[in-house]
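Taking it in order: structure first as structure tokens, then the write-up.
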Amino acid sequence: MKNLFLVALVVFIVGSGYFYMKQSPTPAPVGTNTSTEVTQAMTEGATQTFNIKGLNFAFDVKEIRVKKGDKVTINFTNTEGFHDFKIDELNVTSKQIQAGESETVTFTADKAGTFEYYCSVGQHRQNGMWGKLIVE
Ligand SMILES: [Cu+2]
């Protein structure tokens with residue numbers, strides 16, 4: 001009877017140890033996933049942020065330069081008039097905004113080349129409201 005109790009005790013200890021071993025690695029995959037995501041983000045390209053002001057009839061930044069694969073954030077602030085920010089080739093379109101408003105657009109520069117960013121309101125582009133995005 002005493003032996004049976006000991007056997008039961010050993011089974012309990014071994015069993016709970018096994019259970020503990022099975023349970024304890026559970027948090028690890030979360031950490032593994034996170035580091036995988038960070039690695040992917042780093043290999044996919046850097047994040048580049050530009051602050052560009054719109055005025056009648058120009059952008060204060062005439063040229064921006066990024067690397068192919070970069071994630072680009074444009075913080076577009078309109079200082080006068082009514083404007084937007086567009087890049088046809090990369091399907092970038094901001095809302096049209098009034099003076100004093102800001103609009104942020106993000107996109108991935110997934111093709112190399114020189115593209116024009118411009119304002120599509122009225123004749124603004126023809127009046128000089130454009131600049132160059134160079135993707136190297
Ligand atoms: Cu405009």
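Observations
- The range 108-120, subset surrounded by fewer than 15 Cβ atoms within 10 Å (Cβ to Cβ) and without any contact (Cβ under 8 Å) to a residue 40 or more places away in the chain, residue farthest from L55 (Cα to Cα): G113
- Hey, G54 buried (at least 16 other Cβ atoms within 10 Å of the Cβ) and at pLDDT below 95 or not: no
- Search result, residues across the range 76-132 that are of a type in the set (K, R) and away from the ligand (no atom under 14 Å from the Cβ): K111, K132
The values are calculated or read from the model by the stated rules, or taken from the named source; none is laboratory data. Only a predicted model underlies this, so the values are computations on that prediction, with no experimental measurement involved. Because the Cβ atoms are built from the backbone with ideal geometry, glycine has one as well, and the counts that use them run over all protein chains shown.
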